[in-house]
Structure formats: structure tokens, C-alpha cells
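Here the structure is laid out as C-alpha cells; the discussion comes afterwards.
A short reminder: the numbers here are calculations on the coordinates, not readings from a lab. A quick note: this is a predicted structure, and the numbers were derived from the prediction, not measured. Every residue, glycine among them, receives a Cβ derived from its backbone with ideal geometry; neighbour counts consider all protein chains shown.
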Amino acid sequence: MSIRKARFWRRIYLIFSLALGVTSPFVCWYLIPEFNPIIKPLSYFGVSELTAWYWNASLIVISFALYLNAKKSIPNYFGASSGKQILDFLLIISFLGLIITAIFPMDKTLIHRISATCFFLSYNLFIFYFGVLRSKKYIRKGMFSMIIGCCMLLSSLLLLPFPSYGVFEIVYFLFALLWNGKLFYKRIRTETTINP
């Protein structure tokens, strides 16, 4: 397969995955209209008989997309810098955390909680550190990732007023989708300019 075809199918996959990240909760919510994110976490979709297969499969597809989107962008921004190794490590931890979260749903309580916590913390730190490294050359461009990372961390404060993780998870994933959407768009523009 040529580089152009591989790039085309990778873009299709990433667009599909980003769209899936937006639509999956709504599809599951439609199938379970009594679901309330204030009372139940989104992980409930992974154990409900109606939505388990769809939700867990979606998480796996999305986890590969998050990994691929960031992995392809890191060399464009950082080359062979020393911080790149830390980014790679955090990205792998977050990727494995989300995969394990999908494979072991909420009813496998301890494994699910550990893997979900690994994902939330490592992915949050990955985005923030991505911004820190970017700001060494371009302060304004690096600030976007740092602000998103801070907002993702601050969204954990939503755990205080609400009895469930649901609202926090929704806000966290919205920030993650915003960051990934911008990263994906910028990489497409760069690839098109360099290799039309």
C-alpha cells in the first residue's frame, strides 16, 4: 500500500473514531433512556445487556484512534527530543489503560477502576506535558495543550457535587475530543503542505 493510501485510510479511521467518541454515549443513552449520568457513570453502558457490546467495542476503537493520532503527531512536533520518550511512555500507559477498561467492564470492579484511573491520569498528564514541551519553542501553541490538560484535571472536581463519575467522564472526554480534533486537523494541514 502506498503512503498516500495509508494516510487516506488512517484519516478515515480517525474521523470515524472521533465521530464515534461523540455519538456512542448518545446511542447508548437512546437505548437506555432512564440512564442518568448524575447517578451512574458512563461505564454502566459497558455492563448493561443492551449496550455492553457496542460500548466496549467503541472504547477499543477509540483507544486505538487516540493512540494513533498522538503517535503520528509526536515526531512532527518534537523530533528526537528527550521529552519524546516520556510522551511515548505516557501515551502507551493511557492506551493500555483504556483498552483494559473496555475488556474488563465495571462489574470487574478492581481491575476496571485501576485501569480507568491509569487512563485518566496518564492521558491527562500526556496532554499537559505535550503542551509543556511545545511551549519551549512556541509558548502560545503550547498553552493550548496545557490549558486543556489543566481543564481535564479540574474536571475531576465535578466528583465532589455529583454522586457518580458520569458528569466528570462526559466533560473529560469532551476536552479530550477537542484536543484530538485540533491535533488531527493541524497534522492534516502539515501533511498536505509538505506532501500534497
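Roughly how tilted is helix 3-31, in degrees to the nearest 10 and between 0 and 90, from the longest Cα axis of the chain? The angle comes out near 20 degrees.
Model label points for Tyr138 and Lys84, set 7 angstrom from Cα along the Cα-to-Cβ axis, are 1.7 nm apart.
Counting pairs of alpha carbon atoms under 8 Å apart in space and at least six apart in sequence, what relative contact order in percent does the stretch 82-192 give?
Details: 98 pairs, mean separation 19.2, N = 111.
In percent, rounded to a whole number, it is 17.
Magnitude of the charge dipole for the chain, about its Cα centre and with charges confined to Cβ atoms of Lys, Arg (+1) and Asp, Glu (-1), is about 1240 debye. A DSSP coil position with no more than 16 other Cβ atoms inside 10 Å describes none of the trypsin sites (Lys or Arg not before Pro) in the stretch 69-102. Against the main long axis of the alpha-carbon atoms of the chain, helix 109-135 sits at an angle near 30°.
Hand me the trypsin sites (Lys or Arg not before Pro) from the stretch 127-166 located in a DSSP loop with no more than 11 other Cβ atoms within 10 Å, in residue order please.
Working: sites: Arg134, Lys136, Lys137, Arg140, Lys141; in loops: Lys136, Lys137.
Those that pass, being in a loop and sparsely packed, are Lys136, Lys137.
A straight line joining the Cα centroids of the stretch 164-193 and the stretch 40-82 runs 11 Å.
If you take the square roots of the eigenvalues of the alpha-carbon gyration tensor of the stretch 55-107 and sort them as a ≥ b ≥ c, do you get rounded (a/c under 1.5), prolate (a/b over b/c) or oblate? Oblate.
According to the square roots a ≥ b ≥ c of the eigenvalues of the Cα gyration tensor, what is the shape class of the stretch 3-194, taking rounded for a/c under 1.5, prolate for a/b larger than b/c otherwise, and oblate for the remainder? Prolate, since a/c reaches 1.5 and a/b exceeds b/c. Between 0 and 90 degrees, the angle of helix 83-103 with respect to the longest Cα principal axis of the chain falls at about 30 degrees. If you count Lys pairs in the chain whose Cα atoms are under 25 Å apart, skipping same-chain pairs closer than 8 places in sequence, the total is 28.
Look at the dipole of the chain built from charges on Cβ: of Ser73, Ile39, Leu153, the Cα furthest out on the positive end belongs to Ser73.
Over the chain, Cα pairs under 8 Å with separation of 6+ residues give a relative contact order of 23 percent.
Taking a Cβ cut-off of under 9 Å around Ser73, the surrounding Lys, Arg, Asp and Glu residues balance to a net charge of +4, with basic ones at +1 and acidic ones at -1.
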